[in-house]
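Working notes, beginning with the structure itself.
The values are calculated or read from the model by the stated rules, or taken from the named source; none is laboratory data. Treat the numbers as computed from the prediction; the structure is a model and nothing was measured. In this analysis, Cβ positions are derived from the backbone assuming ideal geometry, glycine residues included, and neighbour counts consider all displayed protein chains.
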Amino acid sequence: APVVAVVGRPNVGKSTLVNRIIGRRQAVVEDVPGVTRDRVAYDALWTGRRFTIVDTGGWEPDARDRAAAIAAQAEAAVATADAVLFVVDARVGATDVDEAAVKMLRRSAKPVLLVANKVDNAAQEIESMSLWSLGLGQPYPVSALHGRGSGDLLDAVLEALPVPAPAEAPRPRGPRRVALVGRPNVGKSSLLNRLSQEDRAVVDAVAGTTVDPVDSLAQIGGETWQLVDTAGLRKRVGQASGTEYFASLRTKAAIDAAEVAIVLLDASEPISEQDQRILSMVTESGRALVLAFNKWDLVDEDRRYFLEREVERELRRIPWALRVNVSAKTGRAVERLAPALHQALANWEKRVPTGQFNQWLTALVQATPHPIRGGRAPKVLFATQAGTSPPRFVLFSTGPLDAGYVRFVERKLREEFDFEGTPVEVTVRPRK
Ligand code: GDP
């Protein structure tokens, strides 16, 4: 198993952190320097992956030259570990002793995560971000004692570790899960019939998965996709039995179960309230989105002209949605759904490296600062991508930001890093 070493000055909370990570209930740590005696390795498990965590906390540096001693400790950890957690007491901030170790850590090729410990609340979390100045990248604020932030830290640890050996690797994924949704009569059943495969047993074997009987497998662009909850469409029972309310619950459930939604629209008819509601369901549930304008065989020059105006007006909330014009009847362009689905999914899962992101953001907010409010302009200090699927970003700022400014940042963010086909969430954490 890969090895993670925990290093840092005495009393920053290394052993408490190790206890937290290995899930030991009782803390063996007292608030006294040097209380833990040995360098010990423990087995740890997080979201199905094993690693070994080494606590160097017992090691008490020579009081005469602490800085050099801590640096040596870090050096030893780097030499033996696959990743290093460098723990700093966020309430104290970075000390000279920390800086000496950091110098050494920055030269190493091993991944180093900066842990800002003893962060018990949101205010301290924002304070802890000053540790960016150490040059180890994003600080991970945690409270080893109470558990705050430790999940995010562990996620980052796993990401930093070398890719697991084949035996340990997750089994190849099955087909991607797609919701095929739209209001009645847009052509969902027709499209499903064109795409779906009858011989489920064969396809199940090929894909190496068992597909829920309410789902369908479909071939698009020479690949197999899992269309979730299409039982009603296959049997053509949905319409007769379903009130609109029931149908909308079903649509919502299908979207939630999917990774990406194809929202089918009828290109020969105006975009309706009901279409809008379904589109909102997709963006609200944070799924990737592909728009398919069906019945394109019915679209003539005139209709096309009006449709484009309509799209501009009615779909301006989602200018990032990918669009394919198809005909379930003739088969026109249905294969083009595949590259659109892939692009939407790739962007949905995209991660922008924190360094690159902040570099870009700094330039952006310098070029276009926030307008002045009450005599002062709130400043964006830095940002981080908090997650994917969909991409979620957090902006840390000196004060609340105008909604319009946040939208501006999101628009620029989309231009710069390409998030076509996916909703993006941008939240602001103003300093109190
Ligand atoms: P659902 O309610 O969304 O499943 O829609 P259906 O698949 O039942 O289709 C509704 C009606 O539209 C049927 O009469 C279909 O024959 C017709 N239809 C579906 N797709 C197309 C298309 O691409 N072109 C044309 N001209 N008609 C279509």
Next on the checklist: So, ASP275, is that one more than 17 Å from PHE419 (Cα to Cα), part of a helix (DSSP H, G or I), touching a residue at least 24 places away in the same chain (Cβ under 8 Å) and near the ligand (Cβ under 10 Å from one of its atoms) or not?
Outcome noted: no
Next on the checklist: Just to be sure before I move on: is THR230 within 16 Å of the ligand (Cβ to nearest atom), surrounded by 22 or more Cβ atoms within 10 Å (Cβ to Cβ), of a type in the set (S, T, N, Q) and at pLDDT below 95 in the structure I sent?
Outcome noted: yes
Checklist entry - Which of the following residues is under 24 Å from TRP348 (Cβ atoms), of a type outside the set (Gly, Ala, Ser), surrounded by 16 or more Cβ atoms within 10 Å (Cβ to Cβ) and within 23 Å of the chain's Cα centre (by Cα): LEU289, LEU315? => result LEU289
Next on the checklist: Can you list residue pairs whose Cβ atoms sit under 6 Å apart, with the first residue in region 128-157 being touching a residue at least 60 places away in the same chain (Cβ under 8 Å) and in the same structural domain as TRP46 (by TED's automatic domain parsing) and the second being part of a helix (DSSP H, G or I) and of a type in the set (Val, Ile, Thr)? Count only pairs 6 or more apart in sequence or on different chains.
Outcome noted: GLN138/THR354; ALA144/THR16; LEU145/THR16
Item to check | Qualifying positions in region 245-267 - under 27 Å from the mean Cα position of the chain (by Cα) and in contact (Cβ under 8 Å) with a residue 60 or more places away in the chain | outcome: THR251, ALA254, ILE255, ALA257, ALA258, GLU259, VAL260, ALA261, ILE262, VAL263, LEU264
Next on the checklist: Any residue at all in region 207-215 that's within 14 Å of the ligand (Cβ to nearest atom) and modelled with pLDDT of 85 or more?
Outcome noted: no
Checklist entry - When you scan region 98-133, how many residues do you find that are out of contact with any Ser or Thr (no Cβ under 6 Å at 6 or more places or on another chain), within 19 Å of LYS14 (Cβ to Cβ) and part of a loop (DSSP other than H, G, I, E, B)? => result 4
Checklist entry - Is one or more of the residues making up region 286-307 more than 16 Å from the ligand (Cβ to nearest atom), outside any helix (DSSP H, G or I) and without any contact (Cβ under 8 Å) to a residue 24 or more places away in the chain? => result no
Checklist entry - Just a yes or no: is a residue in region 382-393 surrounded by 17 or more Cβ atoms within 10 Å (Cβ to Cβ), modelled with pLDDT of 95 or more and closer than 30 Å to ASN185 by Cβ? => result yes
Checklist entry - Under the condition of being over 19 Å from ALA333 (Cα atoms) and out of contact with any Lys or Arg (no Cβ under 9 Å at 6 or more places or on another chain), which residue from region 253-271 is nearest to the ligand (Cβ to nearest atom)? => result ALA254
